[in-house]
Structures are given as C-alpha cells and as structure tokens.
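K.L.:
Sharing a structure with you now.
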Amino acid sequence: MYAAGDAVIQHHPRYGQPIRVEHHDTAVRQGAHVAATVAGEPEPFEEAYWFWSDQYEHSLQSTGRMGALDTVVLRGSLAERSFSAFSLVDGRIQGVISLNQPRDVLEVRRVLFTPHEVTAEQLADESVPLKRLFPRAKPVRAH
C-alpha cells in the first residue's frame, strides 16, 4: 500500500516516529517518491521536511523538528521581525524556524542529516555566515 499527500502520516526513519507534514511541498515529494517506488526504485522517504508561508510582507519557513527539550538559539532580531530560532541538541541542529531569514533555512536544510557540530554561540553570531559553520557537501557525480 502506498500513500502520498499533505494528510499522510509516515514513519520517518531519521526521526524514528510517525510524522505528518501538512504542506504541499512534502505532498509533491512524497508523490514522486511513491512513483519511483512503484517503478522499482524503492528507497525510504527520509528527506527533511520543509514548509513555508508568506504572510503579507513576511516569509515564515521551517525545516527539521523542534523538540520540547532542545536548546533554542536565536539568531537575528525579534524586534525587527528578522530572525531564526534553531533547535540544538548535543551540537547538532535538529531544526530551524525563521521569519524573514530564508537563507538560514536553506543552509540548515542542506546539512540537517549530515554530520556537523556547532555551538549555540556560533549560531547566534550573525557576523559569521551559516555556511561557514557547516561542512561542505560533496558533489554528486552522475553515473
């Protein structure tokens, strides 16, 4: 049995628990994954989920998961409505929610499931671009 869509609850192998993401991006990626599986290319769907919403002049984005016991690190300014809140556990980012900081979400989405280590102080320091804190992804070679 296969299912895809914004109301689907799936067991996510990276998180070890069922997850439902009510966003069209996840529904589209799940649909492509189901099609590949039916066509004989079965792989677990383990992508980091991501969502966004534009609210008037503001952009709200998130990727990963935020846990109740995670350390939350703020980067940016609440007063200026331009910030990211990172979820950090043992030096690893678990997720990020941003308001008007879409590049932060893109950077975290790129490295979320790769080995990395960062401190709360490094994340909070806006003078250092996030991409300098993370390992470079190795280029994917065509077969």
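K.L.:
Tell me, please, whether a residue that is of a type outside the set (Ser, Thr, Tyr), closer than 25 Å to SER127 by Cα and surrounded by 14 or more Cβ atoms within 10 Å (Cβ to Cβ) can be found in segment 29-38. Let's see the steps before the verdict.
P.N.:
Of all residues in segment 29-38, those of a type outside the set (Ser, Thr, Tyr) come to 29-36, 38.
Retained after the next criterion (residues that are closer than 25 Å to SER127 by Cα): none.
Looking through segment 29-38, none of the residues is of a type outside the set (Ser, Thr, Tyr), closer than 25 Å to SER127 by Cα and surrounded by 14 or more Cβ atoms within 10 Å (Cβ to Cβ).
K.L.:
Yes or no: LEU123 open to solvent by less than 60 Å² (accessible area, probe 1.4 Å) and not in a strand (DSSP E or B)? I'd like the intermediate steps shown before the answer.
P.N.:
Working: open to solvent by less than 60 Å² (accessible area, probe 1.4 Å): yes; not in a strand (DSSP E or B): yes.
So LEU123 fits the description; yes.
K.L.:
Could I ask something else about it? Quick one: in segment 63-94, which of the residues that are aliphatic (A, V, I, L, M) and surrounded by fewer than 18 Cβ atoms within 10 Å (Cβ to Cβ) is farthest from PRO115 (Cα to Cα)?
P.N.:
ALA79
K.L.:
Filter segment 17-28 down to the residues that are under 16 Å from GLN61 (Cβ atoms) and surrounded by 14 or more Cβ atoms within 10 Å (Cβ to Cβ), then identify the one that is modelled with the lowest pLDDT. Outline the logic, then answer.
P.N.:
Filtering segment 17-28 down to residues under 16 Å from GLN61 (Cβ atoms) leaves 21-26.
Then drop every residue that is not surrounded by 14 or more Cβ atoms within 10 Å (Cβ to Cβ), which leaves 21, 23, 25-26.
On the way: VAL21: 72, HIS23: 68, ASP25: 72, THR26: 72.
Step by step, filter segment 17-28, then rank; the result is HIS23.
K.L.:
What pairs come up if the first residue lies in segment 97-119 and is closer than 12 Å to LEU130 by Cα and among the β-branched types (Val, Ile, Thr), the second is open to solvent by 50 Å² or more (accessible area, probe 1.4 Å) and not in a helix (DSSP H, G or I), and their beta carbons are under 9 Å apart, counting only those six or more places apart or on different chains?
P.N.:
VAL105/TRP52; VAL105/ILE97; VAL111/PRO135; VAL111/ALA137; VAL118/ARG92
K.L.:
Please determine, by comparing only the residues of segment 119-132 that are within 16 Å of the chain's Cα centre (by Cα) and of a type in the set (A, V, I, L, M), which one is nearest to ASP70 (Cα to Cα).
P.N.:
My answer is LEU123.
K.L.:
Any idea which of (1) touching a Pro at 6+ places or on another chain (Cβ under 6 Å); (2) open to solvent by 50 Å² or more (accessible area, probe 1.4 Å) is the one TRP52 doesn't satisfy?
P.N.:
For TRP52, the failing item is (1).
K.L.:
Still on this structure, I have one more. Could you go through segment 91-102 and let me know if any residue there is at pLDDT below 95, among the hydroxyl-bearing types (Ser, Thr, Tyr) and closer than 21 Å to ILE19 by Cβ.
P.N.:
No - not one qualifying residue is present in segment 91-102.
K.L.:
Looking at segment 84-104 only, could you name the residues that are in a helix (DSSP H, G or I) and over 15 Å from VAL72 (Cα atoms)? If you could, list the steps in order and put the result at the bottom.
P.N.:
The initial filter retains those residues of segment 84-104 that are in a helix (DSSP H, G or I), namely 102-104.
Of everything in segment 84-104, those that are in a helix (DSSP H, G or I) and over 15 Å from VAL72 (Cα atoms) turn out to be PRO102, ARG103.
K.L.:
Of all residues in segment 35-71 being within 20 Å of ASP6 (Cα to Cα), among the hydrophobic types (A, V, I, L, M, F, W, C) and part of a loop (DSSP other than H, G, I, E, B), which is farthest from the chain's Cα centre (by Cα)?
P.N.:
Here the residue is PHE45.
K.L.:
Still on this model: Can you tell me which condition GLN30 does not meet? The list is (1) in contact with a Gly (Cβ under 9 Å, 6 or more places away or on another chain); (2) under 22 Å from SER87 (Cβ atoms); (3) part of a helix (DSSP H, G or I), and all the others hold.
P.N.:
(2)
The values are calculated or read from the model by the stated rules, or taken from the named source; none is laboratory data. Here the structure is a predicted model, which is why all the values come from computation and not from measurement. A quick note on method: Cβ atoms are made from the backbone with ideal geometry, for glycine too, and the neighbour counts reach across all protein chains shown. Areas reflect the complete protein model, heavy atoms only, side chains present, ligands, DNA and RNA absent. Shrake-Rupley method; radii C 1.70, N 1.55, O 1.52, S 1.80 Å.
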